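Written out below as structure tokens is the structure these notes cover.
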2 protein chains.
Amino acid sequence: MERIEEIIKRIKPVDERLMQETQKKLDNLTKPIGSLGRLEEFAKRIVGITGKNNPSLKEKVIFTFAADHGVAEEGVSAYPAEVTAQMVYNFLSGGAGINVLARHVGARLVVVDMGVKEKLKTQNSKLKIKKINYGTRNMAKGPAMTKKEAIESILAGAEVFAEEFKKDGVDIAGIGDMGIGNTTAASSILAAITKAKVKDVTGRGTGIDDEQLRNKVEVIKRALRVNRPDPTDPIDVLAKVGGYEIGGLAGVVLLAAANKVPVVIDGFISTASALIATQLAPLVRDYLFASHKSVEIGHDIALREIGQRPMFDLKMRLGEGTGAALAINIIEAGVKILNQMASFKEAGVSEKI
Amino acid sequence: MERIEEIIKRIKPVDERLMQETQKKLDNLTKPIGSLGRLEEFAKRIVGITGKNNPSLKEKVIFTFAADHGVAEEGVSAYPAEVTAQMVYNFLSGGAGINVLARHVGARLVVVDMGVKEKLKTQNSKLKIKKINYGTRNMAKGPAMTKKEAIESILAGAEVFAEEFKKDGVDIAGIGDMGIGNTTAASSILAAITKAKVKDVTGRGTGIDDEQLRNKVEVIKRALRVNRPDPTDPIDVLAKVGGYEIGGLAGVVLLAAANKVPVVIDGFISTASALIATQLAPLVRDYLFASHKSVEIGHDIALREIGQRPMFDLKMRLGEGTGAALAINIIEAGVKILNQMASFKEAGVSEKI
């Protein structure tokens, strides 16, 4: 835990003064004041986070973390657990949704095995193995993982970020997930921390039917009853009802913020990771960008809890980082507005009457 | 008018059968069914519009049309009328918002003088001169243009599209506007056609204050009273309370649809153009994509009138095609999902239990 504390201590408030200066600069560009709306907000926030006047988002990285969930044996997903591993291979061969969208926006994809049930073939150098264990245990029967594993998962995620940051640089990070059963973990985390009703934060995940949804709600209620996670202790919540990929992504968020790197949240699972991170370090909020509003019903509550407003609602619910990829592109558009637009003076355009 | 009728006759329904086939293909890709939400809808619609199984949106073109408005002399804008010409020069030198965003999404920008008040220097080959007149007349005192000019503006827009289509190709078109005073024209068109109350479709444009807004509402009411545009005759509406750039963009929409090219609407003004086009040719609706929900209050009503739902709301209100540029990028993401993702079979991923 001391190593996590050390990371948290390094997270500083964003530069408010520089953000105010940036707003003045934006107001001098050849457009009615404020007329580029949230694009201007994004540019300003990137400046405040990075501390750079003319930030560039050249190195865009999507971190897609995969792990299995013991609770999958309770029939909470529409897909069999082996799909987690199969999808990791799909990520590595470039055929998944996140591959297509990462390429589309010019982002690198970093795929990490945080705890897939099977031993994955590692000859493919694109896969990072940070396996904490071969899937979590069934949270409906006891803690999903030990406290030690929860801490290890966060540190492993931080380590992945550190490796990428040192090797090729990271100007902006998107976080995404893959793990059959992980909406059950994310809903449990959200219910545990916010004390929202389980049925208000439990959705259909990959596409379960009404009966399966009723079962999923019961499973989550049981997991919370059996484990009694402490809402004031995010590590306890993560250990009892979380997942390795969720802990890992929380680690990415923490170390990114410590290095003044903005983080773009994807959907429901990655928002649960960000929630763990903000519970550990409230300053992290100012480093986060919400991308889309997911179809998953608890997502609104989760985003509100971390003080975020989504950019778009395209009725997506795939995860993997797909929404984050599209959002990174929009944030980059905002940054380019700041860096590339001409001022009224430069362009010889008359100002407001 | 016969030449417009000829274009309209060439517009055919989109290919519903091919769209259904495409949905089946999308359902076989390695993701839960429907989990990429509207990205799938966009891909499917592009297939239906183009009639191509594997469409590509390589040639992305933003058409930004500029013109002046006689009604500007009524004090309806926060900026002086000379800004229209100044902004055209800004477009040509690459410093405006639309330049930055068009570059960001890899789109060509076509800037057209449809009726700017002053004679623009034409040595810059990036500017197309299709001037119908040196600004419209003041609609608060009489018709903004003659019926002949209204028809000419539509045909000139169609001609611009035809030139680009033949020269370098157009796989998807975005439409944008520049014209001090043109929200007054767009609100008037909307009120005339939908019979909505003037105050419900009149916003602050470039940023006028409460008193200026009250004046703008009165000016629009006066224009409608003085001119009595026939709501069933879009050419009459365009002539009496429209603008040259609005007519021109309606022409782009019509000829694009006739050539099976999808059109992405930007904000309030370009939606008014699309409304004129759909009134002339109802089949055009299926060729349109709404990009963002503008801050301008009438935009919702306008989008509903042409059967469109916006993709995102980033509190933008700049025009020029800026929202369309971002939307083109999102539509292209959907098309790449269709073309590049692996199927369950190809990737060896298990299907739903």
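The values are calculated or read from the model by the stated rules, or taken from the named source; none is laboratory data. Remember, it's a predicted structure, so these values are computed and weren't measured experimentally. Backbone-built Cβ (ideal geometry, glycine too); neighbour counts: all protein chains shown.
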Scan the helices (runs of 4 or more DSSP H) fully inside the stretch B:254-353 and keep the ones with 2 or more residues being surrounded by fewer than 24 Cβ atoms within 10 Å (Cβ to Cβ) and away from chain A (no Cβ under 11 Å).
B:268-280, B:299-305
From B:206, B:122, grab the single residue that is touching a strand residue (DSSP E or B) at 6+ places or on another chain (Cβ under 7 Å), part of a loop (DSSP other than H, G, I, E, B), at pLDDT below 95 and assigned by TED's automatic domain parsing to the domain that holds residue B:248.
B:122
Those residues of the stretch A:92-114 which are of a type in the set (Gly, Ala, Ser), under 20 Å from the mean Cα position of the chain (by Cα) and in a helix (DSSP H, G or I), in sequence order:
A:97, A:102
Residue pairs within 6 Å by beta carbon, gap of at least six or interchain, first lying in the stretch A:73-89 and under 16 Å from residue A:220 (Cβ atoms), second assigned to a helix (DSSP H, G or I) and of a type in the set (Val, Ile, Thr), listed first then second, are A:74/A:219; A:76/A:184; A:76/A:219
Looking only at the stretch B:1-36, count how many residues are within 11 Å of chain A (Cβ to nearest Cβ) and touching a strand residue (DSSP E or B) at 6+ places or on another chain (Cβ under 9 Å).
3
Hey, can you tell me all the residues within the stretch B:161-174 that are assigned to a helix (DSSP H, G or I), surrounded by fewer than 22 Cβ atoms within 10 Å (Cβ to Cβ) and not acidic (Asp, Glu)?
B:162, B:165, B:166, B:167
So residue A:110 passes all but one of these: (1) touching an Asp or Glu at 6+ places or on another chain (Cβ under 7 Å); (2) over 30 Å from residue A:42 (Cα atoms). Which condition number does it fail?
(2)
How many of the residues in the stretch A:36-56 are surrounded by fewer than 22 Cβ atoms within 10 Å (Cβ to Cβ) and either of a type in the set (A, V, I, L, M) or farther than 30 Å from residue A:102 by Cβ (or both)?
0
Looking only at residues in the stretch A:17-44 that are part of a loop (DSSP other than H, G, I, E, B) and among the β-branched types (Val, Ile, Thr), which one is farthest from the chain's Cα centre (by Cα)?
A:30
Among (1) surrounded by 21 or more Cβ atoms within 10 Å (Cβ to Cβ); (2) in contact (Cβ under 8 Å) with a residue 40 or more places away in the chain, which single condition is residue B:100 missing?
(2)
Pairing a residue in the stretch A:204-223 that is at the interface with chain B (Cβ under 10 Å from one of its Cβ atoms) and aliphatic (A, V, I, L, M) with any residue that is part of a loop (DSSP other than H, G, I, E, B) and crowded, with 18+ Cβ neighbours inside 10 Å, where Cβ atoms lie under 6 Å and the two sit 6 or more apart in sequence or on different chains, gives A:208/A:78
Within the stretch A:175-188, identify whether any single residue is outside the structural domain of residue A:43 (by TED's automatic domain parsing), within 20 Å of residue A:111 (Cα to Cα) and surrounded by fewer than 21 Cβ atoms within 10 Å (Cβ to Cβ), and answer yes or no.
no
Set B:134, B:89: member being surrounded by fewer than 19 Cβ atoms within 10 Å (Cβ to Cβ), in a helix (DSSP H, G or I) and among the hydroxyl-bearing types (Ser, Thr, Tyr)
B:89
Assess whether residue B:47 counts as being in the same structural domain as residue B:160 (by TED's automatic domain parsing) and either in a helix (DSSP H, G or I) or touching a Phe, Trp or Tyr at 6+ places or on another chain (Cβ under 8 Å) (or both).
no
Residues satisfying the stated conditions in the stretch B:63-86, i.e. at the interface with chain A (Cβ under 9 Å from one of its Cβ atoms) and surrounded by fewer than 24 Cβ atoms within 10 Å (Cβ to Cβ)
B:75, B:78, B:79, B:80, B:82, B:86
Single match in B:128, B:141 (criterion: within 30 Å of residue B:331 (Cβ to Cβ) and more than 14 Å from chain A (Cβ to nearest Cβ))
B:128
